[in-house]
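What follows is a short report on a single structure.
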Amino acid sequence: MGGNPSSHNRRADCSGQPDAVDGSDDVGSTMASRAVAAYLRERHQQGEICATTVRNQGCVLFRFAATLGERDPASMTTADVERYLRGRAHVTPNTRRVEIGTLHAFGRWMVRKRRMRRNPVEDIKRPPKPRAVPAALPREQVRRLLEVSASDRRLRAMVWAMLGLGLRRSEVAGLRVEHWDRYAQTVSVVGKGGHERLLPVTEPVVAAWSAYLAECPASSGPLFRSQRAPFGALSPATVTAIVTEALRAAGIKKHAFDRACPHALRHTALSDTLDACGDLRVVMEMAGHSSLAVTSIYQRRSQVGQLREAMSVRPY
């Protein structure tokens, strides 16, 4: 980055916590590097980003600052950003999106500080966000998970809440005993944004929840409770940890980024329900989605065959 090689090397390999967090002045000698450090420090002190985000964004911003050399960052142009991105042609489209977003936020801050009149990153087009493909579990893996959960009634009840009803981890953690109408066999679920939906409780879910409540009786309060604090609710993070450990014990989860996570149970429930009924609107209600466009990601490739068959019988 210019006059301080040791500082530049620290940024280049992104190791350790950036100096912008601890408030020291060893942030490099160029105007651009000092502006980056001030930006990161301010956002961290205001609680807008955590130390990990400071480090990750610092990797991008200090690398970009190095391309400006001794120039004032207020003079940066769209051409400067494009030149930096050409040097990052080897990264994935998703990484490119993240880096453009990081540079855009820095440019916005420079405008807010009145160091620039206009953010030059606004002219940079981000790669389209890839469409998420839900990672549903095959039946053999579902069978192994249910076998692993058979000896733990709380775990089995949570697994069936996700697998049977398609609930998110936060929705599982938020379930209350009184939300379950045993006469009507329905449950009221509070989803994202506090929106409630009423779901039918299927027989396997009824069996799992009944067995759990027979072991840990309760007439009100959290359905899934902490073992340390019998009347305390589980947090979403704890739900994730418990179910993740079961996935690992079943030999389904192999490593950290294999997508075999508790949310895969929700994907499995929604995908299988769509395959069974073929009605996106039904699955949208089950999932608690705000639009059919969101639910449409659960359409599997196997449905292309169904479409082909339907489209081929038209008389004309």
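The values are calculated or read from the model by the stated rules, or taken from the named source; none is laboratory data. No experiment lies behind these values; they were computed from the predicted model shown. Note that we place each Cβ from the backbone using ideal geometry, even for glycine, and neighbour counts take in every protein chain shown. Just the protein is used for accessible areas: all its heavy atoms, side chains included, with ligands, DNA and RNA removed. Shrake-Rupley method; radii C 1.70, N 1.55, O 1.52, S 1.80 Å.
Points worth noting:
- Any hit, segment 137-152, residues being in contact with an Asp or Glu (Cβ under 8 Å, 6 or more places away or on another chain), surrounded by 20 or more Cβ atoms within 10 Å (Cβ to Cβ) and at pLDDT below 95: no
- Subset of segment 96-155 (residues that are part of a helix (DSSP H, G or I), farther than 22 Å from T268 by Cβ and polar (S, T, N, Q)): T102
- Those residues of segment 172-187 which are in contact (Cβ under 8 Å) with a residue 12 or more places away in the chain and of a type in the set (A, V, I, L, M), in sequence order: V172, A173, L175, V177, V187
- Entirely in segment 11-71, the helices (runs of 4 or more DSSP H) that have 2 or more residues that are open to solvent by less than 30 Å² (accessible area, probe 1.4 Å) and at pLDDT 85 or above: 31-45, 51-68
- Helices (runs of 4 or more DSSP H) completely within segment 190-295 that count 3 or more residues being open to solvent by 40 Å² or more (accessible area, probe 1.4 Å) and more than 16 Å from M162 (Cβ to Cβ): 203-215, 263-277, 280-287, 292-295
- Taking every residue in segment 135-157 that is within 30 Å of P217 (Cβ to Cβ) and pairing it with any residue that is of a type in the set (D, E, K, R) and crowded, with 17+ Cβ neighbours inside 10 Å, at least 6 positions away or on another chain, the pairs with Cβ-Cβ distances below 6 Å are S149/R156.
- All positions within segment 81-95 that are without any contact (Cβ under 8 Å) to a residue 24 or more places away in the chain and either among the small types (G, A, S) or assigned to a helix (DSSP H, G or I) (or both): R83, Y84, R86, G87, A89, T95
- Pairs with Cβ under 6 Å, 6+ apart, first in segment 247-275 and at positive phi and touching a residue at least 24 places away in the same chain (Cβ under 8 Å), second open to solvent by less than 40 Å² (accessible area, probe 1.4 Å) and of a type in the set (A, V, I, L, M): R259/A135
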